[in-house]
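Asks: I'd like to ask you about the structure that follows.
What follows draws every value from the coordinates through simple rules; no lab data is involved. In this text the structure is predicted, and so the values were computed from the model without any measurement. Please note: Cβ atoms are built from the backbone with ideal geometry, for glycine as well, and neighbour counts cover all protein chains shown.
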Amino acid sequence: MGVLGLKSYIEKNKEALKIYHFKNSKLIIDGSSLYHSLYFNFHLDQVHGGEYESFEKLVNRFFTNLKVCNIQPYVVLDGGNDTTMKKSDTLLTRAEDRIKRAHALSTGHSGEVLPILTNCVFKQVLHKLKVPFVQCLAEADWEVAALANDWKCPVLSNDSDFYIFNISAGFLPISHFQWKEVPESGKKFITAKLFNVKNLCALFNCLNKDLLPLFATILGNDYTKLDKGLFPDFSTCARSSVATRSAVRINGLLMWLSHFPDQKAAIKTLVGMVNTEHSTTVRITLDQGVKEYRLRASSIARFFTTGDIQPSIQGPLQNLPGWMLKPLAEGKLNAIIINTLTLQQVRLTFPVENSQLPSSNQTSRPIRQVVYGLLLGTGGPGCYEVEEYDRQDLKLTSSRVPAILPRCAATHLHLDTLWEAPRHLHLQVLLDTLQVSQQPDSLCVPVNLQLAAYVTCYWLKHAQPEPKAELYWALLVGLVYGELSREPKRAKGIDTSVMALTNHKQDESDKKLARTHHLFTVVSCLFFWLHRLYNGPLVHEAARRMKSNNNPESLLADAPYPLKLFRQLRAAVERELGDDLARKMRMGTGAGHARELLSTNKDSDLSRMFEQLMHEEEDSDDQSEGKAGNHDQIYKYTYNIRTRHKKKSRTCARDPKSKKHDRVCFD
């Protein structure tokens, strides 16, 4: 992401980054960069589908600390893909890389893969905290820089493109933003490092700052990939003190550009260096690359101040109906909608799963087809299709997927009036898509868990290979835990070892939840807190323990309310299953009811999690939700969980005698 090699070069140059005590200011935040940094820097679970409860607490504390320092955040999030397709090759390369990283994690090796619901959870927390944010129609980088210049405040991000934008108040890299370490007494501020283009230009003979976009274009970024062989070796211009090969190239190019008064002169010289047959292509590429960094007045400032959306939209984005623009900006509709309507193309995400099995996206394909049908219509067989990019083994593939509408929607739901259709029709579309018959008021489960019950039904009936009973039980216990986090006192008596599935089938359940969330936002029939519906490490522990015991209720035997909730969920789900499948899910595959459950390790990470859950309500009268003491527990728990997983991974990867089957993290 950003300019090739520039981030590491700047961070090694002490004169380019200045220590800064940040307070009493507006701050424009690159939302995607922030939630990636928070999730990865605190080593939250990536292997088991996500650790959303801990992530939600991290986001809470981050914005609490900003408020303490009188920092007013404004978050800007990416929307759909670039409709000009200039980044198409870059996006495809990233998708291929994610497949490889997910496979590496699944086999016990290192890698980073963001769980698929992280973005949705992040937006829900922003809504809850009333943090101003906007979801752009396209990528957010340019809007972030333009808004920061309009409001004369800095940008917070880790994207190296912000070393190129001429942002008057500067750029604060997240990697140097010490938001956890606010002074306990005296003046409140966050220690950071501030970058300003004038400091960088001063190091290179007072380089004209307008030449930095040209520098980024030549070096290579997400939009342009010039053939380096067309130009001379700029590293010969580098200062002798520069060490690494990448740093030599960057330093040499900046030194070479410092001899030109402006962009026009530099571009003329560069075009003159290449063969005549390439000169036109080079000139066009350089001109386009420079334009990507040219700032104008922000188009999202009005949304933050008055709630109004951008008055005029150009190009393929005109396909978006007017009623949809504000819900998209507010993050109430998912960006998959933009890509479907403007490009009829969707690049799917890839969870950590057994890559020897078919992609879990295949199970959720019928759900996506209904989303496509609601957005595009059907117009007869084969009339509307969406190009989907998915995984086949370890390769990125594409296929044409037809849009489909349930019978109840074909004549009554149309895109232009979709938001105005009656709620009962929206709900019927949802039930038909998930192939369930029970209405929400007949489920006999809490409203917060109705979505989860429906998705579990769909998962059990459609997942291939067929899920094992212990995975199903573990998922239900995880839902019970999530519901109890709303009412900690009612958790007393529950066994303190519960859940998260390392298995491919559980990744499918997590994926169904994401795709059904997209459908829910389109038909607007329910709202639910995602961070309470799934806790990866917890579900994994429950599945491991239930594998050796065929009585899932033994985990909850001493907890009347959790046991009642578990039974309600189980009954609601199994009423939707066929007789054979329901019998399999009731009987399980373990050693029998007589086997005793393994004793609970009171010192385990999961034990501490449940103990913390039970104590939170008792302590609520003495400590507010934002106190540091509670949040420190998040970090303590997080590091312990990560250490445990890393130890396992390294053990698997290090033993050269271990067979491939033994190294795979899935059953």
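Asks: May I ask you to derive the FRET efficiency for residue 90 and residue 557 from their Cβ-Cβ distance with R0 = 51 Å, giving the value to the nearest 0.05? Show your work: numbers first, answer last.
Replies: Details: r = 54 Å, r/R0 = 1.05.
The calculated FRET efficiency here is 0.40.
Asks: Here is a further query. Taking +1 at the Cβ of each Lys and Arg and -1 at the Cβ of each Asp and Glu, which of 179, 197, 218 sits farthest along the dipole of the range 163-246 towards its positive end, judged by Cα position relative to the Cα centre?
Replies: Comparing the listed Cα positions along the dipole, 179 ranks first.
Asks: Another question about this same structure. In the range 58-96, whose amide N lies under 17 Å from the spot 7 Å out along Cα-to-Cβ of residue 225? List them in ranges.
Replies: 82, 84-96
Asks: Right, another one. Cα centroid distance between the range 104-158 and the range 325-397, in Å?
Replies: Comparing the Cα centres of the range 104-158 and the range 325-397, I get a distance of 21 Å.
Asks: Pulled fully out, how much extra length does the chain show between residue 464 and residue 175, if you take 0.36 nm times their separation in residues and subtract their Cα-Cα distance? Before the final figure, lay out each step's value.
Replies: Working: separation 289, 0.36 × 289 = 104.04 nm, distance 4.12 nm.
Length gained, residue 464 through residue 175: 99.9 nm.
Asks: What's the ranking of 95-106, 353-364, 433-444 by average number of surrounding C-beta atoms within 10 Å, highest first? Please list the in-between numbers first.
Replies: Details: 95-106: 19.0, 353-364: 21.2, 433-444: 16.2.
Put in order of decreasing packing, that is 353-364, 95-106, 433-444.
Asks: Along the Cα-to-C-beta direction of residue 276, a point sits 7 Å from the Cα; which residues of the range 201-237 have their amide N less than 13 Å from that point?
Replies: Inside the label zone: nothing.
Asks: Same structure, new question: List the residues, sorted by chain then number, that are 5 or more residues from residue 208 or on another chain and whose placed amide H is less than 5 Å from its amide H.
Replies: For residue 208, no residues qualify.
Asks: Sort 454-463, 334-343 by the packing proxy (mean of other Cβ within 10 Å over each peptide's residues), most packed first.
Replies: Details: 454-463: 23.6, 334-343: 21.8.
Sorting 454-463, 334-343 by mean packing, highest first, produces 454-463, 334-343.
Asks: Taking amide hydrogens as modeled 1.01 Å from N in the peptide plane, which residues meet the under 5 Å criterion relative to residue 387, leaving out close sequence neighbours?
Replies: 345, 346, 401
Asks: Tell me, what ³J(HN,Hα) does each residue in the range 214-220 have, in order and in whole Hz, if you take phi through Karplus 6.51 cos²θ - 1.76 cosθ + 1.60 with θ = phi - 60° and put x for Gly and Pro?
Replies: 5, 4, 5, 5, 5, 5, x
Asks: Given the options 168, 76, 156, identify the residue whose Cα lies farthest towards the positive end of the charge dipole of the range 1-343 (+1 on Cβ of Lys, Arg; -1 on Cβ of Asp, Glu).
Replies: Final value for the positive-end residue is 168.
Asks: For a test of the definition: using alpha carbon positions, the gyration tensor, and the 1.5 limit on a/c, classify the range 259-405 as rounded, prolate or oblate. Present the calculation step by step, with values, prior to reporting the outcome.
Replies: Details: a/c = 2.41, a/b = 1.46, b/c = 1.65.
Oblate, since a/c reaches 1.5 and b/c is not below a/b.
Asks: When the dipole is taken about the Cα centre of the range 53-156, and only Lys, Arg (+1) and Asp, Glu (-1) are charged at their Cβ, what size is it in debye, to the nearest 20? Can you show the working numbers first?
Replies: On the way: 13 positive and 12 negative charges, 80 e Å.
The calculation lands at about 380 debye.
Asks: Can you tell which of 286, 343, 13 lies farthest toward the positive end of the dipole of the range 1-343, using +1 and -1 charges on the Cβ of basic and acidic side chains (Lys, Arg; Asp, Glu)?
Replies: Checked the options; the winner is 13.
Asks: Report, in debye and to the nearest 20, how large the dipole of the range 309-409 comes out about its Cα centre when Lys and Arg carry +1 and Asp and Glu carry -1 on their Cβ. Walk me through the intermediate numbers first.
Replies: Working: 9 positive and 7 negative charges, 34 e Å.
In debye, rounded to 20, the range 309-409 gives about 160.
Asks: In square nanometres, what is the average projected area of the Cα convex hull of the range 1-343? Please report the intermediate quantities before stating the final value.
Replies: Values: hull surface 76.3 nm².
Projected over every direction and averaged, the Cα hull of the range 1-343 covers 19.1 nm².
Asks: What length, rounded to one decimal in nm, is gained on full extension from residue 24 through to residue 357, with 0.36 nm per residue of separation minus their alpha-carbon distance?
Replies: Details: separation 333, 0.36 × 333 = 119.88 nm, distance 5.26 nm.
Difference between extended and current length: 114.6 nm.
Asks: Further, regarding this structure: So how do 273-282, 221-230, 247-256 stack up, highest first, on mean other-Cβ count within 10 Å? Walk me through the numbers on the way to the answer.
Replies: Working: 273-282: 12.9, 221-230: 16.1, 247-256: 21.5.
Packing proxy ranking, top to bottom: 247-256, 221-230, 273-282.
Asks: Ok, one more. About the Cα centre of the range 1-343, what is the dipole size in debye to 20, counting +1 per Lys and Arg Cβ and -1 per Asp and Glu Cβ, all else neutral?
Replies: Details: 39 positive and 31 negative charges, 179 e Å.
It works out to roughly 860 debye.
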